[in-house]
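Below you'll find the structure, written out as structure tokens, and then a few comments.
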């Protein structure tokens, strides 16, 4: 059911977090990464973050669970300098210890305990010694605000299949307990960036980003919508 959901949503690129914020995320991550780092986007979807990483002269790969998504993304980037590959989960397991960093964007809010444990173990296995995992997730999301009802079953479900909410404290504590060392953790708004995408012309998008930057600058108490944690495997 999850696969069917995202195979359908892949027709609508604006539904993806990385469609809007891949370039702001890549810009944010640059200060933690060596030049020319080898990076993999875990759950890459159509490859919006891969595009931003390639533009930043990183060596970039992706992993996704949907065969259709993998095929389309592989075709999109084939032949580009510094593009490594798009892997399916079974294939990427062969590339343990190959990457300087793993991005996990807007994934962990979708996962119950067993699947979250599998993801963290996979992330650990993919990075070189001292490598990083860079995560984003909604900041203190109120799940009920995105509940909708299925008219067939009369069951409530989250519009984007989120099953848990994270705060900065709970995510840092969870990662520390799982053997990660926190490098940095912060709340932010990637929409308050001139590189964020949105509706309208490029000029309109930049104006919108500038307005949001000023809004958050004028209100230090206003809750930021995005949470970001940078961590490495504790030695």
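The values are calculated or read from the model by the stated rules, or taken from the named source; none is laboratory data. Bear in mind that the values here come from a model prediction, so they are computed numbers and not experimental data. In this analysis, Cβ positions are derived from the backbone assuming ideal geometry, glycine residues included, and neighbour counts consider all displayed protein chains.
General remarks:
- Of the numbered criteria (1) assigned to a helix (DSSP H, G or I); (2) modelled with pLDDT under 95; (3) touching a strand residue (DSSP E or B) at 6+ places or on another chain (Cβ under 9 Å), the one residue 20 fails is (3).
- Residue within the range 29-40 that is crowded, with 18+ Cβ neighbours inside 10 Å and closer than 16 Å to residue 70 by Cα present: yes
- When residue 46 is tested against (1) free of Cβ contacts under 8 Å to residues at least 60 places away in the same chain; (2) assigned to a helix (DSSP H, G or I); (3) surrounded by fewer than 24 Cβ atoms within 10 Å (Cβ to Cβ), just one condition goes unmet, and that condition is (2).
- Those residues of the range 25-67 which are under 13 Å from the mean Cα position of the chain (by Cα) and closer than 21 Å to residue 162 by Cβ, in sequence order: 25, 41, 42, 43, 44, 45, 46, 48, 49, 63, 64
- Counted residues, the range 76-120 - those being at pLDDT below 90 and either crowded, with 19+ Cβ neighbours inside 10 Å or out of contact with any helix residue (DSSP H, G or I) (no Cβ under 6 Å at 6 or more places or on another chain) (or both): 10
- Output for the range 23-43, where each listed residue is touching a residue at least 40 places away in the same chain (Cβ under 8 Å) and in a helix (DSSP H, G or I): 23, 24, 25, 27, 28, 29, 32
- Within the range 96-130, being assigned to a strand (DSSP E or B) and more than 17 Å from the chain's Cα centre (by Cα) holds for 128, 129, 130.
- Filter result (closer than 23 Å to residue 54 by Cα and outside any strand (DSSP E or B)) within the range 79-95: 79, 80, 81, 82, 89, 91, 92, 93, 94, 95
- Restricting attention to the range 49-75, the residues being surrounded by 16 or more Cβ atoms within 10 Å (Cβ to Cβ) and assigned to a loop (DSSP other than H, G, I, E, B) number 3.
- Qualifying position, being touching a helix residue (DSSP H, G or I) at 6+ places or on another chain (Cβ under 8 Å) and at pLDDT 95 or above, among 184, 169: 184
- Among residues of the range 121-152, those that are within 21 Å of residue 226 (Cβ to Cβ), touching a helix residue (DSSP H, G or I) at 6+ places or on another chain (Cβ under 8 Å) and in contact (Cβ under 8 Å) with a residue 60 or more places away in the chain, counted: 8
- Subset tally (residues that are part of a loop (DSSP other than H, G, I, E, B), touching a strand residue (DSSP E or B) at 6+ places or on another chain (Cβ under 9 Å) and surrounded by fewer than 14 Cβ atoms within 10 Å (Cβ to Cβ)) for the range 148-166: 3
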